[in-house]
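Encoded as structure tokens, here's the structure I'll be asking about.
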2 protein chains.
Amino acid sequence: MQLGVRLRFQKFEYPEANPEALPEGIDPEEYIIGTYYMSFPKGMNPFEITQVLALEQSTGTWLPVPGETPEVRRKHVAKVVGVYEIPDYEIMVPQEVDWRNFIVQIAFPWRNIGSKLSMLFSTVVGNISMAPKLKLLDLRFPKEFVKGFKGPKFGIEGVRDVLGVKDRPLLNNMIKPDVYSPPDLGAKLAYEVARGGVDIIKDDELLANPEFNRIEERVPKFMEAIDRADEEKGEKTLYAVNVTADLPEVLENAERAIELGANCLLVNYLATGFPVLRALAEDESIKVPIMAHMDVAGAYYVSPISGVRSTLILGKLPRLAGADIVVYPAPYGKAPMMEEKYIEVAKQHRYPFYHIKPCFPMPSGGIAPIMVPKLVNTLGKDFVVAAGGGIHAHPDGPAAGARAFRQAIDAAMQGYTDLRKYAEENNLQELLKALQL
Amino acid sequence: MQLGVRLRFQKFEYPEANPEALPEGIDPEEYIIGTYYMSFPKGMNPFEITQVLALEQSTGTWLPVPGETPEVRRKHVAKVVGVYEIPDYEIMVPQEVDWRNFIVQIAFPWRNIGSKLSMLFSTVVGNISMAPKLKLLDLRFPKEFVKGFKGPKFGIEGVRDVLGVKDRPLLNNMIKPDVYSPPDLGAKLAYEVARGGVDIIKDDELLANPEFNRIEERVPKFMEAIDRADEEKGEKTLYAVNVTADLPEVLENAERAIELGANCLLVNYLATGFPVLRALAEDESIKVPIMAHMDVAGAYYVSPISGVRSTLILGKLPRLAGADIVVYPAPYGKAPMMEEKYIEVAKQHRYPFYHIKPCFPMPSGGIAPIMVPKLVNTLGKDFVVAAGGGIHAHPDGPAAGARAFRQAIDAAMQGYTDLRKYAEENNLQELLKALQL
């Protein structure tokens, strides 16, 4: 009997143990559904290729080996549940088409993985990411898998409770210059922007714990500055301390920062890996919100034909790992991103996701007050305005820069798109000057 | 406040009532997931367009109207759960791209529809089928929806039980010529092919109950011919009587045929509509298998950019409606269809689908004995070989033609791909002569 016949027979005789199924043939509670873009040269069978991928990422072989019994397969094999071509050729592939394009869906038994982000990555991105044209676009998680995660400790409502701000977007400021010494310089700026009305101050992602600007020295100075500002303005300010480092230093940094009074943490989650973000978020002794910074994300999402889509790498995954606030690119300033993707990432942060709390999207990159109505128009009120140079470059100083942003937020919340009109009607000099920049 | 702002706000304030969600935001038991190919000119937001489609096919409007309360939406609105572009642009759509291509997934609340194939079609194909480039590729049905269907009364095992044939593909013959009179001509051929070893004889889809060849006259003659043949060969034969007609005639034809002793029915299910196939299959008084014929299917599936994919129109849907055997195109003879799609349709007939029994795929169109090993190689043993002219054109007559096919089936089941070798080794004259054609 020829090999081909035997393989085919096996495939059709034990469907429940083989790497293909109707979507109805799987228990939705037992599988994570991965959605991929895939392209390959004409002449290959897309359904067979997808099966090979499913095998590669589960029981591991496409030829029978002794240990891979039908029972092993039944329990552990990933299954192809959808192969969709664009466009959907039925009769023949046209002569001029060299590469065929597909969206495929593979169901991975989540118990192969457990509720682990590391093994999830090895499974759904893993070896197959080395294919010439393959991009992970989406993951659908069953409830039982997600039960193993705590998600954001605070989430949108929790951060709002801490700040006492209910009905408007929050305002964040990055200290500029990004990297500096001594710490006093930053603390002085922090005082200015906080008293101007900033809700959250964050370290730059490039400033964590270098020898010229230690967390130990920086945090007390910033917290003292913020305390003074808070008393003055009658509002509360968070300071997100960048604790990014290797292990175990990142955890030690977090512990140290909190001992010193930090009320928020910042971590470059793709530089440390998701497990570090998760460990910080699920640590019961860390009772402050966590901000997750996007750097490195472009290496995953920018290619249209490889990597991992922005909606996952900047959206659903950091939320699942426990970020309360996720910094990500805004399309209106210096960051290149399609507006539709920027909106979709925010949906991933905020839409119903079992028990996982919604987190704040924080669109970032060259944001000026004039862009605030656009941000509100596209994201509503549950987001954080990420303002950096837009605050620090104000002609009347950082406090005025912060006030200009707060005025822009008020205008947008009242439905104004013409900020100049609003500023003139209300005689708001800080906003008027900011708009002239 | 501008309209744009109001719409966006609404969208983000009541996510559970709006036509978009994370896949995890919906209860998989409450929704039918439709997967579509979609293409439209650059400059439109794909997520918004898909929302408009979801609204169009559920609560019906994209602007607030008084009756569409959040409660109505929460319960009845269809939700966008996936929008995947090929390739997945993140930064910008390249200048040279005029039309963008997507696979989108929409979740339809199945209780809007009930377990009805007619309302299913109106919902998932419906008005949106008039879009310039939109094709329904797949439907995922939740268990509760499918519980309302009985599916095939016999299915693969049931038809095998009736025939007493366990371990090989079945052999079907279409009487040729397709349309003829008087009925005696067909009955004579039926006797020949049945005694030669055919398991199932079917009327042509173009011969149902015309005045020159009435079911009333034809069925008794065929059943008498088959009885004689069965006694002679020691096997059983089914005769699938074409009862296709308008209402209520189709139901009367079925009743009449069964009264007259017919042991199988044939219906052109896309010419009558799915509800007729379902009514026949779910009628308790009809205790015979039902064969469903593919004609008209091409109008749905041939276009790569519109209509309904072959895997649904020829695969999952006739099975759900209750067909025990589905006639569909084989890629090896005169019917044009990609081999990969022909295999996928068979999977839809046979893979696990809740309580719905698997049904027989019957690949058809210019099938000769030499193609049988290919059919077995790709489909295993659970299918029906559809032989028409390949039997009737045998130089030694239809009985010899049927025997040649049975010999080809035996050879393929023993793993032979070289039928000539098998025929020579076993001195099978009928097969040798058939191979010479």
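The values are calculated or read from the model by the stated rules, or taken from the named source; none is laboratory data. None of these values were measured; they are calculated from a predicted model. Glycine also receives a Cβ, built like all others from the backbone with ideal geometry; neighbour counts cover every protein chain displayed. These area figures cover heavy atoms from the full protein model, side chains too; ligands, DNA and RNA do not enter into them. Shrake-Rupley method; radii C 1.70, N 1.55, O 1.52, S 1.80 Å.
State which residue is least open to solvent (accessible area, probe 1.4 Å) when the search covers only the range B:231-250 and only residues that are touching a helix residue (DSSP H, G or I) at 6+ places or on another chain (Cβ under 7 Å) and in a helix (DSSP H, G or I).
Step by step, filter the range B:231-250, then rank; the result is B:Val250.
Are any of the residues in the range A:230-237 in contact (Cβ under 8 Å) with a residue 60 or more places away in the chain and under 20 Å from the mean Cα position of the chain (by Cα)?
no
Here is a further query. (1) open to solvent by less than 10 Å² (accessible area, probe 1.4 Å); (2) hydrophobic (A, V, I, L, M, F, W, C); (3) in a helix (DSSP H, G or I): which one isn't true of B:Met119, the others all being true?
Answer for B:Met119: the failing condition is (1).
Right, something else. Which condition from (1) away from every other protein chain (no Cβ under 14 Å); (2) of a type in the set (D, E, K, R); (3) more than 22 Å from B:Glu235 (Cα to Cα) is the one that B:Lys421 breaks?
In the conditions (1) away from every other protein chain (no Cβ under 14 Å); (2) of a type in the set (D, E, K, R); (3) more than 22 Å from B:Glu235 (Cα to Cα), B:Lys421 misses (1) alone.
Considering only residues that are closer than 25 Å to B:Leu238 by Cα and either of a type in the set (A, V, I, L, M, F, W, C) or at the interface with another protein chain (Cβ under 10 Å from one of its Cβ atoms) (or both), which ones fall in the range B:320-334?
B:Leu320, B:Ala321, B:Ala323, B:Ile325, B:Val326, B:Val327, B:Pro329, B:Ala330
Out of the residues in the range A:149-194 that are over 19 Å from A:Cys264 (Cα atoms) and within 14 Å of another protein chain (Cβ to nearest Cβ), which is surrounded by the fewest Cβ atoms within 10 Å (Cβ to Cβ)?
A:Asp167
Which one of the conditions (1) within 14 Å of another protein chain (Cβ to nearest Cβ); (2) under 30 Å from A:Val146 (Cβ atoms); (3) open to solvent by less than 20 Å² (accessible area, probe 1.4 Å) does A:Val385 fail to meet, given that it meets all the rest?
(1)
Another one. Are there any pairs, at least 6 apart or on different chains, whose C-beta atoms fall under 7 Å, with the first in the range B:277-303 and without any contact (Cβ under 8 Å) to a residue 24 or more places away in the chain and the second not polar (S, T, N, Q), and if so, which?
Close Cβ pairs (under 7 Å, with a partner that is not polar (S, T, N, Q)) amount to B:Tyr301/A:Glu90; B:Tyr301/B:Gly307; B:Tyr301/B:Val308; B:Tyr301/B:Arg309; B:Tyr301/B:Ile313; B:Val302/A:Glu90; B:Val302/A:Ile91.
Moving on to the next point. Is it the case, given these coordinates, that A:Gly380 is farther than 26 Å from A:Val125 by Cβ and either open to solvent by 10 Å² or more (accessible area, probe 1.4 Å) or outside the structural domain of A:Tyr422 (by the TED database) (or both)?
no
For the range A:122-132, name all the residues that are outside any helix (DSSP H, G or I) and either crowded, with 22+ Cβ neighbours inside 10 Å or in contact with a helix residue (DSSP H, G or I) (Cβ under 9 Å, 6 or more places away or on another chain) (or both).
Once the filter is applied, which keeps residues that are outside any helix (DSSP H, G or I) and either crowded, with 22+ Cβ neighbours inside 10 Å or in contact with a helix residue (DSSP H, G or I) (Cβ under 9 Å, 6 or more places away or on another chain) (or both), the range A:122-132 yields A:Val125, A:Gly126, A:Ala131.
Same structure again: Given the conditions (1) among the β-branched types (Val, Ile, Thr); (2) over 27 Å from A:Arg195 (Cβ atoms); (3) open to solvent by 10 Å² or more (accessible area, probe 1.4 Å), and given that A:Ile258 satisfies all but one, which numbered condition is not satisfied?
Unmet condition: (2).
Out of the residues in the range A:63-101 that are over 37 Å from the mean Cα position of the chain (by Cα) and assigned to a helix (DSSP H, G or I), which is nearest to the other protein chains (Cβ to nearest Cβ)?
A:Pro70
Taking B:Lys135 and the conditions (1) among the charged types (D, E, K, R); (2) surrounded by fewer than 21 Cβ atoms within 10 Å (Cβ to Cβ); (3) assigned to a strand (DSSP E or B), which numbered condition does it fall short on, given that it satisfies the others?
(2)
Just to be sure before I move on: is B:Lys357 charged (D, E, K, R), modelled with pLDDT under 95 and within 23 Å of the chain's Cα centre (by Cα) in the structure I sent?
Judged against the criteria, B:Lys357 is not a match.
Additional query: Is it fair to say B:Ile113 is closer than 30 Å to A:Ile305 by Cβ, more than 11 Å from chain A (Cβ to nearest Cβ) and either free of Cβ contacts under 8 Å to residues at least 24 places away in the same chain or open to solvent by less than 20 Å² (accessible area, probe 1.4 Å) (or both)?
Answer is no for this residue.
The conditions are (1) in contact with a Phe, Trp or Tyr (Cβ under 6 Å, 6 or more places away or on another chain); (2) open to solvent by 20 Å² or more (accessible area, probe 1.4 Å), and B:Met92 fails exactly one of them. Which is it?
Against the list (1) in contact with a Phe, Trp or Tyr (Cβ under 6 Å, 6 or more places away or on another chain); (2) open to solvent by 20 Å² or more (accessible area, probe 1.4 Å), B:Met92 comes up short only on (1).
Could you please give the count of residues in the range B:388-417 that are touching a residue at least 40 places away in the same chain (Cβ under 8 Å), among the aliphatic types (A, V, I, L, M) and crowded, with 24+ Cβ neighbours inside 10 Å?
3
Go through the range B:400-417 residue by residue and tally those that are within 10 Å of B:Val198 (Cα to Cα) and touching a helix residue (DSSP H, G or I) at 6+ places or on another chain (Cβ under 6 Å).
4
Is it fair to say A:Leu206 is outside the structural domain of A:Glu29 (by the TED database), open to solvent by 60 Å² or more (accessible area, probe 1.4 Å) and closer than 29 Å to A:Leu117 by Cα?
yes
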